[in-house]
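Derivation of every value follows stated rules applied to the coordinates shown; laboratory data play no part. Since the model is a prediction, treat every value here as computed from it, not as a measurement. Note: ideal-geometry Cβ built from the backbone for every residue, glycine included; neighbour counts use all protein chains shown.
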Amino acid sequence: MSGNITGRILVFVLLCIAVIWAFFPILFMISSSFKPGNLIWSYPPKLIAEPTFANYQNIATLFPRFWKSFFNSVIVTALTTALTLTMAIASAFVFSRLRQPWLKAPAFLMIFVRMFPGIVVVIPLYPVFNELGWLDTVTPLVLCGAAFAVSMATLLIKTFVDDIPVDLEEAAMIDGCSRVGAFIRITLPLLTPAIAAVSLVVAIGSWNEYLFPLVFTSNDARTAPVIIAIAMSNEDGVAWGGIMAMATAYLAPPLLLVLMLHKQITNVMTMGAVKG
């Protein structure tokens with residue numbers, strides 16, 4: 001009995017250490033965003049300081065391109081997620097319900113393309129986008145982001161489509177629905193938790209994308225990660241207070257998205273547990 005208690009205490013302590021290790025950089029970033037710049041790296045560290053909003057107020061002055069790049073990130077993430085989910089849901093329906101031998105080829109290609117490093121794809125696409133006049137626009141960011149995310153999203157959604165009995169769609173088809181209509185009216189509503197979870201994964205991946213905006217944009221369509229990286233490499237000195245404030249502001253949207261979709265994510269995890 002005492003051995004079980006000791007084991008549980010040990011597991012609990014290890015979990016606490018892991019959580020602290022994972023969240024310490026985030027907590028340090030958030031707390032530093034409310035500190036004067038001269039106290040962020042002070043030694044010994046000053047754990048308690050009078051909070052200030054000066055770092056947030058100075059973002060527009062120190063980094064005038066940040067809020068525009070922040071808005072660009074929102075647009076790119078929203079469009080990439082919408083395009084990816086549209087293609088993934090349609091592809092998942094085809095791969096799950098139309099079990100034809102010739103579908104193995106496109107399924108393999110989707111996975112094969114995803115295995116390429118991003119830089120390998122960027123090099124040949126750069127002159128193409130340049131000829132099309134798409135450089136420094138959100139178009140290449142959305143297309144490339146969706147192209148890289150659609151394979152994973154399709155496979156994830158397909159696993160949930162496979163678990164939904166096809167008899168439900170066949171019953172709707174007997175009542176007069178087409179195959180696609182039956183999928184949209186019957187199966188698609190049942191996929192809501194899975195779609196929410198996949199959309200979260202795709203959105204966070206697009207939100208954090210750095211390579212595509214670094215290469216394909218120069219000014220107008222730059223996203224926030226690139227601007228933050230440029231601010232950290234300033235030769236005149238790094239304004240750590242402003243950088244911490246920018247990073248904290250950039251953390252807020254995905255955090256809010258997780259809080260909004262936590263119920264659907266919990267339902268997906270519960271479905272997996274029940275299935276197991």
Correct response: the longest run of the chain lacking exposed trypsin sites (Lys or Arg not before Pro), defined by DSSP loop and at most 12 other Cβ within 10 Å, is 100-276
Whole angstrom only: what separates the Cα centroid of region 174-194 from the Cα centroid of region 85-132? 25 Å
In whole Å, largest first, what are the principal axis extents of the Cα atoms in the chain? 72, 72, 32
Out of ASN208, ASN219, ASN234, a Gaussian network model of the chain with alpha-carbon springs under 10 Å gives the largest mean-square fluctuation to ASN234
Could you tell me which of rounded, prolate or oblate describes region 1-88, using a ≥ b ≥ c as the square roots of the eigenvalues of the alpha-carbon gyration tensor, with rounded for a/c under 1.5 and, failing that, prolate when a/b is larger than b/c and oblate otherwise? oblate
Using just the Cα positions, wrap region 85-152 in a convex hull and report its mean projected area in square nanometres, one decimal place. 5.3 nm²
Not counting the cut sites, what is the longest span of the chain without chymotrypsin sites (Phe, Trp or Tyr not before Pro) that DSSP labels loop and that have at most 11 other Cβ atoms within 10 Å? 54-276
